[in-house]
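The values are calculated or read from the model by the stated rules, or taken from the named source; none is laboratory data. If you're wondering where the values come from, they're calculated on a predicted model, not measured in any experiment. Cβ atoms come from the backbone with ideal geometry, glycine included; neighbour counts cover every protein chain shown.
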Amino acid sequence: MKALLVQLKEALEGTEQVDSETLELVRQLNTKIDAVIESSEPNSELMDDAIALEARFASTHPTAVRVIREFIYNLGRMGI
């Protein structure tokens, strides 16, 4: 999961079309995944945030949307 977040961050940093709000949402997602990993407890808010990012990336960041979809898929497999 952490590797996917690194890929997402790299994909976004490689484009000029990313606003500061989007980068902040990615940072928040990273913080939340760290908390879930530490606590080992399901967190539906994490899934909601990931889905919101997917919608934001759908039209402007095709590489980022691929990464976030894989992230969402993995959260589902983890039962989050």
Only one residue in Thr22, Thr60 is assigned to a loop (DSSP other than H, G, I, E, B) and on the phi < 0 side of the Ramachandran plot, so which one is that? Thr60
Among the residues of region 44-71, write down those that are crowded, with 17+ Cβ neighbours inside 10 Å and either among the β-branched types (Val, Ile, Thr) or over 12 Å from the mean Cα position of the chain (by Cα) (or both). His61, Val65, Val67, Ile68
Which of the residues that make up region 41-62 are modelled with pLDDT of 85 or more, out of contact with any helix residue (DSSP H, G or I) (no Cβ under 7 Å at 6 or more places or on another chain) and of a type in the set (D, E, K, R)? Asp48
Please state which of the following conditions Gly79 fails to meet, knowing it meets all the rest: (1) over 10 Å from the mean Cα position of the chain (by Cα); (2) surrounded by 16 or more Cβ atoms within 10 Å (Cβ to Cβ). (2)
What is the residue count in region 1-19 for residues that are assigned to a helix (DSSP H, G or I), surrounded by fewer than 17 Cβ atoms within 10 Å (Cβ to Cβ) and small (Gly, Ala, Ser)? 1
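Restricting to region 20-43, and then to whatever is hydrophobic (A, V, I, L, M, F, W, C) and more than 15 Å from Glu70 (Cβ to Cβ), can you tell me which residue is surrounded by the most Cβ atoms within 10 Å (Cβ to Cβ)?
Step one: filter region 20-43 for residues hydrophobic (A, V, I, L, M, F, W, C), giving 23, 25-26, 29, 33, 35-37.
Keeping just the survivors that are more than 15 Å from Glu70 (Cβ to Cβ) gives 23, 25, 35-37.
Details: Leu23: 13, Leu25: 16, Ala35: 12, Val36: 18, Ile37: 11.
Residue satisfying both the conditions and the ranking: Val36.
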